[in-house]
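The values are calculated or read from the model by the stated rules, or taken from the named source; none is laboratory data. Note that the structure is predicted; figures quoted are calculated from it, not measured. Note that each Cβ is placed from the backbone with ideal geometry, even for glycine, and that neighbours are counted across all protein chains shown. These area figures cover heavy atoms from the full protein model, side chains too; ligands, DNA and RNA do not enter into them. Shrake-Rupley method; radii C 1.70, N 1.55, O 1.52, S 1.80 Å.
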Amino acid sequence: MTAQTIDQDTPFVPEDDNYHQLSDDPWETETTWWTFNIPERHLGCWLHAAYMPNKGTVTWRVFVWDPTGADLGRLAYYKTMPDVPMSPDVDLRDITFPEGGFSVKMINPLMDYEITYRDDAADFAITMQHRSVHPPHRFTPGEAPMLGSPHLDQLGHVTGTLTLRGEQIPIDCHTVRDRTWGPRGGHHSQSQKKEHVKGVYPVKNPGGPKWREVERQRGRGRIQYIFGHTDATTGFLGFVRPQDGEADGWSPMNTGWLLKDGEFQRLDKTKSRMRNYRDPRTGWSAHMEVELTDVTGRTMRAEGFTVSHMSERGSGSNASMRWEYDGLIGWGEDQDGWKVDHFQEMLRALRATRND
């Protein structure tokens, strides 16, 4: 039997809700990621689990951030359990991650899920339902940053309750979940790419402000992922490629979607771009301009403002974003990933007070 050729239009199937049979590569990793936001609190939340079947371990994390603090010691809530042993016969369609992790239960294949978590010692809990507003989207195989790994993104209406320090806070937002499976070679910040080993970091389009030029260095494992949605009818999502950006700060968006009038279309990567403005105190994103065009020619201009951050690794951040587009307000994230030494080099240039 000839193996099926997977392209961007290959649909996902109900079996994709479960863990997959992967190769014997020791870095094979399969993730599940859930989010929600509470706009009036400028609050964001992640529940994430990365399973490494050939090592028999899972690393799970739950964190909530708001404007009260961005580092791990000051987050509204943070807990991670790294490299926890996990049975090979688990079913992701109905699972509770070991050693106190969160639970995922599939309600309707590929569409609807219930996620729960409790930490009684911290008076913290999450009960939420993710009701998808469209079938999961597959991005083009071979495109960075996923390259050979299948990846799906899916917008959903998320409702439920967050218990934070004993306070019960309603959840009601539109946001994204995703899944990826395949060989990782480690987290992007520890990428095994040869360019990292050699220490060669060319810049495709030299010039412009020095900090922007540093940001465009290639072979650094940089990744930036932005999204924002108002409801089930309006919003966008895309991966940004600073490595392919121009000296004036505009960076192309190579995969993603535009959602207008309830219709999803893939981005035209030749016409979709983002320009970021960073806070020199922190180096983190502060303000963005985004120009989007989809493959049918529809357009959207969006302007984004960060309202809170969390920095898990001390360099880039996950930011809650307030977006303005088409006369509407949307909410989402900027996931801005860096290697630490690369971030430090960029921040030195961003903070410079002289040109020499």
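To keep it simple, each residue is scored yes or no on (1) touching a Phe, Trp or Tyr at 6+ places or on another chain (Cβ under 7 Å); (2) open to solvent by 60 Å² or more (accessible area, probe 1.4 Å); (3) among the small types (Gly, Ala, Ser).
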| position | (1), (2), (3) |
| --- | --- |
| 16 | no, no, no |
| 39 | yes, no, no |
| 67 | no, yes, no |
| 86 | yes, no, no |
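Yes/no matrix, rows are residues, columns are (1) at pLDDT 95 or above; (2) touching an Asp or Glu at 6+ places or on another chain (Cβ under 7 Å); (3) surrounded by fewer than 18 Cβ atoms within 10 Å (Cβ to Cβ); (4) closer than 23 Å to residue 233 by Cβ:
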{"position": "113", "(1), (2), (3), (4)": "yes, no, no, yes"}
{"position": "118", "(1), (2), (3), (4)": "yes, no, yes, no"}
{"position": "121", "(1), (2), (3), (4)": "yes, no, yes, no"}
{"position": "137", "(1), (2), (3), (4)": "no, yes, no, yes"}
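For the stretch 224-282, a residue qualifies if it is aromatic (Phe, Trp, Tyr) and in contact (Cβ under 8 Å) with a residue 60 or more places away in the chain, and the qualifying residues are 225, 227, 236, 239, 257, 264. Inside the stretch 204-240, residues that are open to solvent by less than 50 Å² (accessible area, probe 1.4 Å) and either part of a helix (DSSP H, G or I) or closer than 16 Å to residue 338 by Cα (or both) make up a count of 17. When each of 316, 297 is tested for being of a type in the set (Gly, Ala, Ser) and open to solvent by 30 Å² or more (accessible area, probe 1.4 Å), the lone residue that passes is 297. When every residue of the stretch 19-30 is checked against the conditions, none turns out to be closer than 18 Å to residue 178 by Cα, of a type in the set (Asp, Glu) and open to solvent by 40 Å² or more (accessible area, probe 1.4 Å). Listed by position, the strands (runs of 3 or more DSSP E) inside the stretch 252-315 whose residues that are under 19 Å from the mean Cα position of the chain (by Cα) and closer than 13 Å to residue 336 by Cβ number at least 2 are 273-278, 285-293, 299-310.
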